[in-house]
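One structure is given here, and the rest of the page talks about it.
Where a number appears in this text, it was derived from the coordinates with a stated rule and is not lab data. Note that the structure is a prediction, hence the values are computed from the model and not measured. A quick note on method: Cβ atoms are made from the backbone with ideal geometry, for glycine too, and the neighbour counts reach across all protein chains shown.
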Amino acid sequence: MKKFVSTLAIVIAVSCFTSAAWGQAAGLGGGRTLKDPTTGQVKRPNAQAIVLKVLAQLNLTEDQKSKVKDLVKENRKAGAELRKSVLAGAVTKPEAQAKRKAMRAEYLKSIKAILTPEQAKQFDPLLKEEVKKAREAAANPAGGTTASGTKSGSG
């Protein structure tokens, strides 16, 4: 029994630390994890978390990271305001979807403006790959093999 409790404590601690590390995306600002450490349920990360994961792969400078953090804050604030408008009935869901799409396009344009030409060249293919992985993980939450032959749910 003691061994079981010790093992369980270690598993919980490791899952909490790895979830936090992935969520922070190299210090750029958080996001949702792919697996809920309390339930083990696989969740689809939000679009911003996917972008941050891609940016973490591009070896950003400290100046770039700072600019990205500012953009993330602005984007989250705008998203929260849009949600409030929908909840208040000031904006319909279809209108909100159109606004969200425009906001996302502007956000990505602003992100790309921060990147060097070489980083910008790598950004789109990496983003497409991460979006594909997230969709496959969401479509196959049990962690089985996807149509592309990769293991889903492995992040």
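Considering each residue of the range 113-123 in turn, at least one proves to be under 19 Å from residue 46 (Cβ atoms) and in a helix (DSSP H, G or I).
Annotation note: Cβ proximity below 6 Å between a residue of the range 47-62 that is within 17 Å of residue 125 (Cβ to Cβ) and a residue that is of a type in the set (S, T, N, Q) and part of a helix (DSSP H, G or I) (sequence gap 6+ or interchain) occurs for 58/119. Scanning the range 50-66 for residues that are part of a helix (DSSP H, G or I) and surrounded by 15 or more Cβ atoms within 10 Å (Cβ to Cβ) gives 50, 51, 52, 53, 54, 55, 56, 64, 65. Can we say residue 139 is farther than 24 Å from residue 78 by Cα, surrounded by 11 or more Cβ atoms within 10 Å (Cβ to Cβ), touching a helix residue (DSSP H, G or I) at 6+ places or on another chain (Cβ under 6 Å) and not polar (S, T, N, Q)? Taking the combined requirement at face value, the residue does not satisfy it.
Residue pairs whose Cβ atoms lie under 8 Å apart, separated by 6 or more positions or on different chains, with the first residue in the range 73-89 and touching a residue at least 24 places away in the same chain (Cβ under 8 Å) and the second among the basic types (Lys, Arg) and in a helix (DSSP H, G or I), are 79/100. For the range 67-103, filtered to residues that are closer than 23 Å to residue 130 by Cα and among the polar types (S, T, N, Q), the residue that is surrounded by the fewest Cβ atoms within 10 Å (Cβ to Cβ) is 97.
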